[in-house]
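The values are calculated or read from the model by the stated rules, or taken from the named source; none is laboratory data. Computed from a predicted model, the values in this text were never measured in an experiment. When we count neighbours, we look across all protein chains shown, and the Cβ atoms used for this are built from the backbone with ideal geometry, even at glycine. SASA here: full protein model, heavy atoms, side chains in, ligands and nucleic acids out. Shrake-Rupley method; radii C 1.70, N 1.55, O 1.52, S 1.80 Å.
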Amino acid sequence: MTRPKVIQILKYLGLVVGCVAKFTSGSLFVFNAYQNAIKSMYNYTQSEVELLSSALNLGLGTGFLPGMLYDRFGPFWTSGSGLLVSGIAYFLIWSTTKSVDFYKTRSGLVAVYFYFAGFGSLFSYMSALNTNVVNFPAEHRGKVIGLLNACFTGSPSIFALLYYHVFSTGDYNRVENQDFSGFMLFFAILFVVMNLLCMLFLHDLSKLKSKELVISNSIDENSVQVSSETSINHQDGVATDTDTSPILQDEETQVETSFSRFLKLVKSLDFQLLCVSFTFAAVLGLVNTNNITVITKAVGLSSYDNDIVISMPVANTILSLGIGPLSDKVKAKCPRLTFFLASCVFFTLAELVFIVFASSIGGIFIGIILVGFGIGILWTLVPTIVSELFGISDFGRNWGILLMLSGLGSLAGQAIFGKIYDSMITEPGSLYCYGTKCFLYDFIFMAVLGLISIILAAILDIRLQRRQYNQII
């Protein structure tokens, strides 16, 4: 078998394993399926439950650390780190179910475990995403990221079905019939196996090719034909990745260059507009996703939880699969930023629907479908936008910064949701609030965030379109 065929096999095998890794990482967003079981088991208030969910998202949002680790050491060590952190974190969460009385008054400690569960999953998330971004050409980037994101956003529906029908007995709508303990042990094993696959089959083929060219050039430098070919290819590599090549620069220069690029990035108005608009949009998606079963319980529609928890990831997946190839095809006429703007509109419309129709099952379904569409576009195209606007050499760090901001934003958003919910409880000693009053002000607040995200995304879209137009003329 020729070397190019081997590289092709490794590339597509890496895509398959990347899909498995993203699918497993997407399990974080099934929290809404078991949060009522947590609340009942540990007798936590809604604010304490929101703390656990926020910690999970914040762990996923500490993206710059795994991103920088990947940029520096590649997928093997990044996935290995994920194996250790995820496996230990989920084992610790499982262990809390064996000492319930101890943890009833220690929700903060449980939140630390959930933080590391989210943080650990980010290592495999980064390995899967970054490896396939660099292994496939730029013209197919939307398709590749769309496929990976479809696995990421679609997996909660599968894990929800698994939780309700495999890790539950009898009437799965009753929390006492749900096996939360077994579900966490299952995740501990699953993340270990998945990260082992990543360590074995995810390879940065661009670096492999670069090493082969250098070796070929040094061995055969007296050959005119080989020398000229490797010189052309080597210089092409220098032109596209001069700032990260260990052959051309010593370690000190690399650090200085990376830091100067970082300073330039954070001073960029384009990056600032993208950060704020993305963060606000991500907060809307995460808060709605994690609290949808709280909303249904408040309005007496818990019997629909199974269908609702599955519907949102299905909508995410449909959009993720379609929007990537579509944006690749029409990006010359309709920039990806315009689609990003559309996702902000979807989120804002969802909040308005919830404000008016949250007491009806039809209104809730329309709202979650709109949220699902927004999430599908957001998490598929924003990584692509980051890679195109700010380069591929520091992609892990740059995308990680946005993930960190979304995690911090969701921490604040869910804390606000929990405080308002708990303040609306009228029955002394109760953990539950009933009626639309429980979350009405949350939806109004998030609608305002949505409007701001629309305005900022529109400004960024107009800026880039004007810049492209000026370049053309």
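If the condition is being modelled with pLDDT under 90, open to solvent by 10 Å² or more (accessible area, probe 1.4 Å) and of a type in the set (S, T, N, Q), then segment 269-315 contributes 289, 302, 303, 306, 311. The lone criterion from (1) outside any helix (DSSP H, G or I); (2) over 29 Å from residue 370 (Cα atoms); (3) out of contact with any Gly (no Cβ under 7 Å at 6 or more places or on another chain); (4) at pLDDT 85 or above left unmet by residue 264 is number (1).
Cβ-Cβ contacts under 7 Å between residues 6 or more apart (or on different chains), taken from a first residue in segment 444-473 that is over 16 Å from residue 341 (Cβ atoms) to a second residue that is polar (S, T, N, Q), are listed as 447/348. Take the conditions (1) farther than 28 Å from residue 303 by Cβ; (2) touching a Gly at 6+ places or on another chain (Cβ under 8 Å); (3) open to solvent by 10 Å² or more (accessible area, probe 1.4 Å); residue 167 misses just one of them, which is (1).
Residue selection: residue 66 fails the criterion of being more than 27 Å from residue 32 (Cβ to Cβ) and out of contact with any strand residue (DSSP E or B) (no Cβ under 6 Å at 6 or more places or on another chain). With respect to the conditions (1) more than 25 Å from residue 130 (Cβ to Cβ); (2) surrounded by fewer than 21 Cβ atoms within 10 Å (Cβ to Cβ); (3) out of contact with any Lys or Arg (no Cβ under 8 Å at 6 or more places or on another chain), residue 431 falls short on a single one, namely (3).
For segment 47-80, a residue qualifies if it is open to solvent by 10 Å² or more (accessible area, probe 1.4 Å) and β-branched (Val, Ile, Thr), and exactly one does: 62. Among the residues making up segment 1-30, a single one is closer than 18 Å to residue 195 by Cβ and charged (D, E, K, R): 22. Taking the condition in contact (Cβ under 8 Å) with a residue 60 or more places away in the chain and touching a Cys at 6+ places or on another chain (Cβ under 6 Å), does residue 358 pass? Criteria not met by residue 358.
In segment 81-114, of all residues being among the hydroxyl-bearing types (Ser, Thr, Tyr) and free of Cβ contacts under 8 Å to residues at least 60 places away in the same chain, the one that is most open to solvent (accessible area, probe 1.4 Å) corresponds to 105.
Only one entry of 249, 254 meets the criterion of being outside any helix (DSSP H, G or I) and either modelled with pLDDT under 90 or in contact with a helix residue (DSSP H, G or I) (Cβ under 6 Å, 6 or more places away or on another chain) (or both), and that entry is 249.
For segment 438-473, taking the residues that are β-branched (Val, Ile, Thr) and in a helix (DSSP H, G or I), the one that is surrounded by the fewest Cβ atoms within 10 Å (Cβ to Cβ) is identified as 472. What do you reckon, is residue 399 open to solvent by less than 10 Å² (accessible area, probe 1.4 Å), out of contact with any Leu (no Cβ under 7 Å at 6 or more places or on another chain), farther than 18 Å from residue 301 by Cβ and aromatic (Phe, Trp, Tyr)? Considered against the rule, which asks whether it is open to solvent by less than 10 Å² (accessible area, probe 1.4 Å), out of contact with any Leu (no Cβ under 7 Å at 6 or more places or on another chain), farther than 18 Å from residue 301 by Cβ and aromatic (Phe, Trp, Tyr), residue 399 comes out as yes.
Can we say residue 136 is within 19 Å of the chain's Cα centre (by Cα) and open to solvent by 10 Å² or more (accessible area, probe 1.4 Å)?
Details: within 19 Å of the chain's Cα centre (by Cα): no; open to solvent by 10 Å² or more (accessible area, probe 1.4 Å): yes.
No, not satisfied.
Condition check ((1) at pLDDT 90 or above; (2) of a type in the set (D, E, K, R)) across all residues:
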{"position": "154", "(1), (2)": "no, no"}
{"position": "157", "(1), (2)": "no, no"}
{"position": "162", "(1), (2)": "yes, no"}
{"position": "170", "(1), (2)": "no, no"}
{"position": "174", "(1), (2)": "no, yes"}
{"position": "178", "(1), (2)": "no, no"}
{"position": "184", "(1), (2)": "yes, no"}
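Taking the listed residues 407, 391, the one that is under 14 Å from the mean Cα position of the chain (by Cα) and modelled with pLDDT under 85 is 407, with no other qualifying.
Residue 44 satisfies every condition listed in (1) out of contact with any Asp or Glu (no Cβ under 8 Å at 6 or more places or on another chain); (2) crowded, with 19+ Cβ neighbours inside 10 Å; (3) in a helix (DSSP H, G or I) except (3). Taken over segment 1-22, the residue count meeting the criterion of being open to solvent by less than 70 Å² (accessible area, probe 1.4 Å), at pLDDT 90 or above and hydrophobic (A, V, I, L, M, F, W, C) is 6.
Which one of 413, 367, 400 is within 18 Å of the chain's Cα centre (by Cα) and under 27 Å from residue 324 (Cα atoms)?
400
Number of residues in segment 355-396 that are closer than 23 Å to residue 156 by Cβ and part of a helix (DSSP H, G or I) equals 24. Scanning segment 26-54 for residues that are among the hydroxyl-bearing types (Ser, Thr, Tyr) and over 19 Å from residue 99 (Cβ atoms) gives 27, 45, 47, 53, 54. For segment 56-73, a residue qualifies if it is in a helix (DSSP H, G or I) and out of contact with any Leu (no Cβ under 6 Å at 6 or more places or on another chain), and the qualifying residues are 59, 64, 65, 67, 68, 69, 70, 71, 72, 73.
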